[in-house]
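Structure, as structure tokens:
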Amino acid sequence: MKCTTAIRQLAYGITPDAFDEYLQMSERTARECLLFFNMCIITLYMAEYLRKPTLEDVGKIYTQHETRHGFSGMLGSIDCMHWEWRNCPVAWQRQYDNSPLFDDLLNDTAPVLPYKVNGVEYEKGYYLADGCRLILSAAEDPKIAATRTI
């Protein structure tokens, strides 16, 4: 039941106090289950999946996005889904604002792996968001223009 509580909180954005009657579990226990579940995931998968990408990883990511989507230098899609999710919790919307995900780009410590778009060479990749917003483009100084609409 404790795993069910943690997974339901993650999957549906349910608050810990929602399990009082349904699973006969206190808010505190539900919150602790989620914390413990997250700590286990971090312990199990940190070394392989939750680390910063190496230069080799970035090269593979560039190649995959170029082949599949036709975007050179794209590191990933943020908050961009292939299906409509009408019940997205408000707390999860725009969850990447002020995220450490962009710290390397902002601090100019991101891996340098050049790529070309329309004959112009760029050093660092970018993230697509909301389908058509370009976040922290390598073409611009991220400290001046953190986002721009294309």
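The values are calculated or read from the model by the stated rules, or taken from the named source; none is laboratory data. All values reported here derive from a predicted model rather than from experimental measurement. As a convention, Cβ positions derive from the backbone with ideal geometry for all residues, glycine included, and neighbour counts pool all protein chains shown.
Determine whether region 52-70 contains at least one residue that is at pLDDT below 90, surrounded by 13 or more Cβ atoms within 10 Å (Cβ to Cβ), among the hydroxyl-bearing types (Ser, Thr, Tyr) and assigned to a loop (DSSP other than H, G, I, E, B).
Scanning region 52-70 turns up no residue that is at pLDDT below 90, surrounded by 13 or more Cβ atoms within 10 Å (Cβ to Cβ), among the hydroxyl-bearing types (Ser, Thr, Tyr) and assigned to a loop (DSSP other than H, G, I, E, B).
Whether any residue in region 14-27 is exposed (fewer than 11 other Cβ atoms within 10 Å of the Cβ) and either in contact with a Leu (Cβ under 7 Å, 6 or more places away or on another chain) or at pLDDT 90 or above (or both) is what I want to check.
No: zero hits.
List the residue pairs whose Cβ atoms are under 8 Å apart, where the first residue sits in region 101-126 and is of a type outside the set (Gly, Ala, Ser), the second is assigned to a strand (DSSP E or B) and surrounded by fewer than 12 Cβ atoms within 10 Å (Cβ to Cβ), and the two are 6 or more positions apart or on different chains.
Here the result reads 114/121; 115/121; 122/116, each pair linking region 101-126 to a residue that is assigned to a strand (DSSP E or B) and surrounded by fewer than 12 Cβ atoms within 10 Å (Cβ to Cβ).
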